[in-house]
Amino acid sequence: MDIHDILKNPDEHVRFAVYLDKLELVADPDEVDLVSRVLTDPDRTMARSAVLRHLDRRAESLCLGPAYEEWAQAMTRATIDHPFLVERLREWSLLRAVTLRLPWQQDDLLASSNWLQLRTAAGTNTEAVEILAEAGRTKRIRNTARSCLNHRGSRRNRLTRNP
């Protein structure tokens, strides 16, 4: 089934499921083209949702490796007319920088979405977690960060008491 056959189906739920299947199986060289074509679906909200799921899945698998940068640039070009998708890719790049301890800015983290702040609050970068424990956007983010810090502190105490 090609993209034109998919578009002929009037049920957006069916198209959504087929898009997810196609995106999951797409070969790397064809990924940009498929993402661009999915985004031409008349139901723009559904198409963006399918691509968002794909971007999240791929970014999570690539985020810590060297292939991420090139992939993120290509996906940004493919989604340039869709600000939410571009922003999500930017946030994945920020999460990558925080996680790998690459340069990042506190203001960028504090201005980021709840999605990114919550992921970061449960992450491994103590500096970022401390920032979010103090100034995270929501109570849930601040509590998650504090819990993460408390867990680390109690673990550190157990390790130093039981060498």
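Summary value for the range 19-143: 16 percent relative contact order, contacts being C-alpha pairs under 8 angstrom separated by 6+ residues. Solvent exposure of the range 1-108, expressed per residue, is 58 Å² of accessible area, with all protein chains present and a 1.4 angstrom probe. Taking θ as phi - 60° and the Karplus parameters 6.51, -1.76 and 1.60, the scalar couplings of the range 103-118 work out to x, 8, 10, 4, 4, 5, 5, 5, 8, 6, 5, 4, 3, 6, 4, 5 Hz in sequence order, x denoting glycine and proline.
For the chain, the longest principal axis of the C-alpha atoms and the axis of helix 126-135 are separated by about 90°. Rolling a 1.4 angstrom probe over the chain with all protein chains present gives an accessible area of which 52% lies on carbon and sulfur atoms. Karplus-based coupling profile of the range 41-55, in residue order and whole Hz: 4, x, 8, 4, 5, 5, 4, 4, 5, 5, 5, 4, 4, 5, 4, with θ = phi - 60° in 6.51 cos²θ - 1.76 cosθ + 1.60 and x standing for Gly or Pro. Charge dipole of the chain (Cα centre as origin; +1 on each Lys and Arg Cβ, -1 on each Asp and Glu Cβ, all else neutral): 1320 debye, rounded to the nearest 20. 3J(HN,Hα) along the range 136-146: x, 4, 10, 4, 4, 5, 4, 5, 4, 5, 4 Hz, from the Karplus curve 6.51 cos²θ - 1.76 cosθ + 1.60 with θ = phi - 60°, whole Hz, x for Gly and Pro.
Each principal axis of the chain carries a Cα extent, and these read 64, 31, 29 Å when sorted largest first.
The values are calculated or read from the model by the stated rules, or taken from the named source; none is laboratory data. Nothing here was measured: the structure is a model prediction, and the numbers come from that model. Using ideal geometry, Cβ is built from the backbone for each residue, glycine included, and neighbour counts are taken over all protein chains shown. The area values use the complete protein model at the heavy-atom level, side chains included, leaving out ligands, DNA and RNA. Shrake-Rupley method; radii C 1.70, N 1.55, O 1.52, S 1.80 Å.
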